Structure formats: structure tokens, C-alpha cells
1. Taking N as the number of residues in region 113-172, what is its alpha-carbon radius of gyration divided by 2.2 N^0.38 Å?
2. Determine, for each peptide in 116-124, 33-41, 18-26, the mean count of other beta carbons within 10 angstrom over its residues, then list the peptides with the highest first.
3. Applying the Karplus parametrisation 6.51 cos²θ - 1.76 cosθ + 1.60 with θ = phi - 60° to the phi angles of region 112-122, what ³J(HN,Hα) value in whole Hz is obtained for each residue in order, glycine and proline being reported as x?
4. If packing is taken as the average number of other Cβ atoms within 10 Å across a peptide's residues, how do 52-58, 129-135 rank, most packed first?
5. Arranged from highest to lowest average of other beta-carbon atoms within 10 Å per residue, in what order do the peptides 68-77, 104-113 appear?
6. Tell me, in nm to one decimal, what length is gained between D163 and L34 on full extension, where the rule is 0.36 nm per residue of separation less the Cα-Cα distance?
7. Need the full-extension length gain, T41 to R151, defined as separation in residues times 0.36 nm minus the C-alpha distance. One decimal, nm.
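Please treat every number below as a calculation from the coordinates, not as lab data. It should be emphasised that the depicted structure is a prediction, and the values quoted were computed from it without experimental measurement. Here the Cβ positions follow ideal geometry from the backbone for every residue, glycine too, while neighbour counts run over all protein chains shown.
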Amino acid sequence: MVLSRLFRREPPPRQAATLYQAVVARGRLPHWYLAGRVPDTIDGRFDMIAAILTMVMLRLEREGAAAAASASASLAECFVDDMDGQLRQIGFGDMVVGKHIGRMMAMLGGRIGAYRDGLADDTLRPALVRNLYRGDDPGPDALAHVERELRAVRTALDPVTLDHLLAGDVPQ
């Protein structure tokens, strides 16, 4: 095991690595945690990154082409890589990391569905309370801030081409 780690080659960077880094940077902006009152905790940061990632995944979903499907898969792989590293860094061992990653992917999938529906039928606020705030209503001002900003992200992503997205162009 030790020898395989010493002699293994680093895999080439994933297609969506730069895009994923931009998603994480966007999800770490202070306004989400200050004005939006997203809990500045491990769970809160996960939830915020998942919210931004969802907006990007929904944008890629609309693309419909094989290249967009490949980009979405790569973006999900980047998410898994990051979450795997984060779990290991906080002390989770091999025996439980896979189980936690599975739960995180299920949570991401649930959020994609909930936020897609919330954007379509104007029920985003309840979806945010359930998923981003884990059932704890942050108050109308914080909720309005996050909803407005996520909708702005979603709108700003619309005209961005796939190539620009993959280059990390996630509008501020």
C-alpha cells in the first residue's frame, strides 16, 4: 500500500477542475455567511458550495450536448475528489469515507432536483430552508439575500459558453 502511493502517477487534471475551483471560490464569498446567514461551519460550507454547484450543473444540463454531459460528469468527479480529501483531512478513515461520499452525492442530487423545481415554480425559498439551512429558517432578510444572489448566479450563467465555463468563468 505504501509503495503504491509512493510510485503512483498523479492523474491528469479533470476537465472541469478549473470550473470546480471557481465554484468553490464563489461558495466561499463572505456575503453568503454574513448577509445570507449561512452557517459558517463544515456543513454550511458544504451546503453553500453545493448550491453554487447546482446552479452550474443546471446551466450545463441545458446545454444538452455530449460535451456538456462530459463536463457535468467531470464536475461531479471534482466534487467527489474534493469531498473525499476534506473527509480524510478531518480524520475519517477509508472504511467510512465511501459511505459519506455516497450520502453527499445523494444530497447533491436532491438539491439539484429541489433547486431546479424551486427555480421553475417559484418555491426556491422553501427549498433553501430545507437544504441550505437544514430546516432552520434564517429570517426573511437572509433568505431573500441568498435567493436573490443564487438567482443572479443562475441568470449570469445563462449566456456563458461551455468553453468559458470550463475555463472557470463563473460570473460574480
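1. Details: Rg = 13.1 Å, N = 60, 2.2 N^0.38 = 10.4 Å.
Dividing the Cα Rg of region 113-172 by 2.2 N^0.38 Å gives 1.26.
2. Values: 116-124: 14.1, 33-41: 16.8, 18-26: 20.2.
With the highest mean Cβ count within 10 Å placed first, the list reads 18-26, 33-41, 116-124.
3. Karplus-based 3J(HN,Hα) across region 112-122 equals 4, x, 5, 6, 4, 5, x, 6, 6, 10, 6 Hz.
4. Working: 52-58: 22.4, 129-135: 16.1.
Per-residue Cβ counts within 10 Å, averaged per peptide and sorted highest first, yield 52-58, 129-135.
5. On the way: 68-77: 17.5, 104-113: 15.8.
The densest-packed peptide leads the list: 68-77, 104-113.
6. On the way: separation 129, 0.36 × 129 = 46.44 nm, distance 3.24 nm.
The D163-L34 span can extend by a further 43.2 nm.
7. Working: separation 110, 0.36 × 110 = 39.60 nm, distance 2.33 nm.
Answer, rounded to one decimal: 37.3 nm.
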